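S.K.: Take this structure first; my questions come after.
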Amino acid sequence: MNNSAQTTGTAFKTEIARLYLRHTWTTAMSSSSYRDTLYTYYTRDDITGYGEGAPIVRYHEDAEKAKRAAESMRDYLLGADAMQFSKTMQDVFRHVENNWAAKAAIDISLMDWVGKKLGVPLYAYFGLDPQDAPLTTFSIGIDTVEVTKQKAQEAHDFPILKVKVGLDTDEETVEAVRAVSSKALRVDANEGWKDKEEAVRKINWLEKRGVELIEQPLPAEMIEETRWVRERVHIPIIADEACQRATDIPKLRDAFDGVNIKLDKSGGILEAYRMICIAKSLGMKTMLGCMVSSSVSVTAAAHLSPLVDYADLDGNLLIANDPFRGVLIERGKLILPSGPGVGLIANNSLSQKRESS
Ligand code: MG
């Protein structure tokens with residue numbers, strides 16, 4: 001991390017950082033041991049807002065492209081009135097094509113700055129009670145039966161688990177978790193099942209294992225097939241890959257019971273807030289999720305979590321080198337930081353404090 005916290009005056013900086021995973025992370029889509037993530041630092045009036053966006057390969061993004069996209073807005077951001085953040089972000093959305101992680105990083109750094117400038121935590125800015133923050137799931141990536149059992153046991157502090165499936169080992173994976181845990185269980189297929197009959201068969205089987213909900217059983221474009229599946233199963237179906245932004249939600253209404261909203265997909269806090277409002281107004285369930293990210297992005301999302309039915313905000317727990325500390329988790333409950341803005345503390349300043357005390 002650079003020393004941007006010390007920047008004075010007005011500045012907008014970007015940086016790519018490599019986040020290392022505690023365990024190799026495997027889903028139906030990919031397998032990796034690290035992620036390159038974009039950080040932004042927005043400074044004005046000697047206040048610095050921190051932002052982060054995880055580029056999503058599924059949407060053809062990468063960290064270099066994200067950095068270039070964020071950099072392209074520097075002059076505009078330095079000239080804009082930061083308190084007119086809704087207008088500013090509308091302009092950013094208009095000028096930056098795709099690159100949702102870059103937009104998210106800009107939005108989070110701007111909103112962190114606004115909260116700090118006003119002296120309020122973001123949950124208070126949105127008029128929310130931090131006590132209403134839900135329990136978060138702890139996610140278990142695809143692995144061998146033995147490692148899956150071990151991960152399920154290690155997650156003893158979490159009352160709800162989320163298990164990734166969508167390869168050939170779905171039954172073994174769920175049975176492995178069930179062998180060591182009777183906790184509430186949510187399942188994410190990450191588009192891994194390829195036809196509607198397979199999806200119905202697998203979901204009906206999962207229902208008998210006490211699974212609470214299923215995320216993205218079929219590929220994102222198979223909306224009509226998902227509607228067919230929904231008529232034949234008894235647990236909520238949540239859209240993730242099929243739901244990137246607010247404009248996606250109305251067409252998903254008949255096929256899905258709810259949507260998984262992530263800042264990296266939506267382009268930040270403001271769009272995620274709009275998505276929550278739209279989904280609720282259509283009678284749909286809402287989930288806040290995250291990518292593999294550090295505490296910047298996860299904490300920013302957590303500030304909106306008092307609004308949603310489900311939280312899956314554990315991305316920062318999956319990495320070994322989190323540069324910040326923000327939201328904490330106590331027995332699964334999200335504990336929002338009460339500092340202004342996103343409420344982050346840089347870990348290097350934490351260790352400096354420990355050394356000097
Ligand atoms: Mg998902």
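The values are calculated or read from the model by the stated rules, or taken from the named source; none is laboratory data. Predicted model only: the values in this text are computed from it and were never measured. Neighbour counts run over all protein chains shown; Cβ positions are idealised from the backbone, glycine included. Note: areas computed on protein heavy atoms with side chains; ligands, DNA, RNA excluded. Shrake-Rupley method; radii C 1.70, N 1.55, O 1.52, S 1.80 Å.
S.K.: Go through the range 225-251 and report how many residues are within 21 Å of ASP312 (Cα to Cα) and either away from the ligand (no atom under 14 Å from the Cβ) or among the acidic types (Asp, Glu) (or both).
M.R.: 7
Yes/no matrix, rows are residues, columns are (1) touching a helix residue (DSSP H, G or I) at 6+ places or on another chain (Cβ under 7 Å); (2) in a helix (DSSP H, G or I); (3) modelled with pLDDT of 95 or more:
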site: VAL296; (1), (2), (3): yes, yes, yes
site: THR299; (1), (2), (3): no, yes, yes
site: ASP322; (1), (2), (3): yes, no, yes
site: SER351; (1), (2), (3): no, yes, no
site: ARG354; (1), (2), (3): no, yes, no
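S.K.: Sort out for me the strands (runs of 3 or more DSSP E) sitting completely within the range 88-194 that have 3 or more residues that are of a type outside the set (Val, Ile, Thr).
M.R.: Fully inside the range 88-194 and qualifying: 160-164, 184-188.
S.K.: Moving to a separate point now. Just wondering, is there one or more residues in the range 41-51 that are modelled with pLDDT under 75, over 16 Å from SER293 (Cα atoms) and outside any loop (DSSP other than H, G, I, E, B)?
M.R.: no
S.K.: Let me ask something else about it. So LEU38 fits all but one of (1) farther than 20 Å from GLY315 by Cβ; (2) open to solvent by less than 10 Å² (accessible area, probe 1.4 Å); what number is the exception?
M.R.: (1)
S.K.: Still on this structure, I have one more. I'm trying to understand the selection: among the residues of the range 157-201, which are touching a helix residue (DSSP H, G or I) at 6+ places or on another chain (Cβ under 7 Å), among the aliphatic types (A, V, I, L, M) and open to solvent by less than 10 Å² (accessible area, probe 1.4 Å)?
M.R.: Across the range 157-201, the qualifying residues are LEU161, VAL163, VAL165, VAL174, ALA176, VAL177, LEU185, VAL187, ALA199.
S.K.: Using beta carbons and a limit of 8 Å, which pairs, at least six apart or on different chains, have the first residue in the range 79-91 and open to solvent by 60 Å² or more (accessible area, probe 1.4 Å) and the second one polar (S, T, N, Q)?
M.R.: Hits for this filter: ASP81/THR88.
S.K.: Search the range 302-316 for residues being of a type in the set (A, V, I, L, M, F, W, C) and within 16 Å of the ligand (Cβ to nearest atom), and hand back the single one that is most open to solvent (accessible area, probe 1.4 Å).
M.R.: This residue is VAL308.
S.K.: Follow-up. Are any of the residues in the range 207-223 within 15 Å of the ligand (Cβ to nearest atom), buried (at least 20 other Cβ atoms within 10 Å of the Cβ) and assigned to a helix (DSSP H, G or I)?
M.R.: No, because not a single residue in the range 207-223 is within 15 Å of the ligand (Cβ to nearest atom), buried (at least 20 other Cβ atoms within 10 Å of the Cβ) and assigned to a helix (DSSP H, G or I).
S.K.: Here's another thing I want to ask about it. What do you reckon, is LEU313 more than 11 Å from the chain's Cα centre (by Cα) and not assigned by TED's automatic domain parsing to the domain that holds LYS67?
M.R.: no
S.K.: To continue, here is another question. Please find, within the range 258-274, the residue that is farthest from ALA311 (Cα to Cα) out of those that are within 16 Å of the ligand (Cβ to nearest atom) and free of Cβ contacts under 8 Å to residues at least 40 places away in the same chain. Spell out how you get there, then give the answer.
M.R.: We begin by selecting, within the range 258-274, every residue within 16 Å of the ligand (Cβ to nearest atom); these are 258-266, 272.
So of that shortlist, the ones also free of Cβ contacts under 8 Å to residues at least 40 places away in the same chain come out as 259, 262, 272.
Details: VAL259: 11, LYS262: 10, ALA272: 13 Å.
So, considering only residues that are within 16 Å of the ligand (Cβ to nearest atom) and free of Cβ contacts under 8 Å to residues at least 40 places away in the same chain, the one farthest from ALA311 (Cα to Cα) is ALA272.
S.K.: Any idea which of (1) modelled with pLDDT under 95; (2) within 13 Å of the ligand (Cβ to nearest atom) is the one SER182 doesn't satisfy?
M.R.: Unmet condition: (2).
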